[in-house]
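Engineer: Here you go, one structure.
Bear in mind these aren't lab numbers, they're just calculated from the coordinates by the rules spelled out. Since the structure is predicted, the reported quantities are computational estimates derived from the model, not experimental observations. Virtual Cβ from ideal backbone geometry, glycine too; neighbours counted across all protein chains shown.
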Amino acid sequence: MYFDKKSIGIGEAFTSKYMWAIVDSKYFIPVITEEYYKKNHCRNELDLAVNRSVEKRILINMIAFSFDAVPEPYRTYNYVDIKADPTFIDTIKAQLSV
């Protein structure tokens, strides 16, 4: 989930801000829980990031709580299963330094 404590005010429409933040980003690291893709904002984030990834404009490094948490259409993407890889932070750091 996008977190911005400086430029999004309380009660402000934030959808366009986080969508533009994804468009302007080089990396997208969603934390995928069983509930993640059921939430409209999270689904919109991931779908936009995947479209940007297809265009080779963003690198996605998913962190998943489990295989079942990863939305079926995105199971072909690389992701780190935190239950299977206790050193997942090191894995993410290595992927980002490429």
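Engineer: Just to check I understand the Karplus step: with θ = phi - 60° and J = 6.51 cos²θ - 1.76 cosθ + 1.60, what whole-Hz values come out for the range 22-32, glycine and proline as x?
Structural biologist: Taking θ as phi minus 60°, the curve returns 5, 4, 8, 8, 9, 10, 9, 10, x, 9, 8 Hz for the range 22-32.
Engineer: May I ask which residue of Tyr79, Phe65, Leu46 lies farthest towards the positive end of the charge dipole of the chain, with charges of +1 (Lys, Arg) and -1 (Asp, Glu) on Cβ and the Cα centre as origin?
Structural biologist: Positive-end residue among those listed: Leu46.
Engineer: Same structure, new question: Tell me which residues come under 5 Å, amide H to amide H, from Ile58 once H is placed; ignore anything under 5 positions away on its chain.
Structural biologist: Here the answer is Ser53, since their amide H atoms fall under 5 Å of that of Ile58.
Engineer: Based on the Cβ-Cβ distance from Thr91 to Ser16, what FRET efficiency comes out when R0 is 35 Å, to the nearest 0.05?
Structural biologist: With R0 = 35 Å, the Cβ-Cβ based efficiency is 0.60.
Engineer: Name the residues whose placed amide hydrogens come within less than 5 Å of the amide hydrogen of Val80, ignoring near sequence neighbours (fewer than 5 apart) on the same chain.
Structural biologist: Here Met62, Ile63, Ala64 satisfy the definition.
Engineer: Given (i) 2, 10, 16, 21, 21, 14, 8, 5, 2, 1, 0; (ii) 2, 13, 17, 14, 12, 10, 8, 7, 6, 5, 3, 2, 1, 0, 0; (iii) 2, 13, 23, 23, 21, 12, 5, 1, which label gives P(r) over Cα pairs in 5 Å bins from 0, in percent as computed from the coordinates?
Structural biologist: The calculated read-out lines up with (iii).
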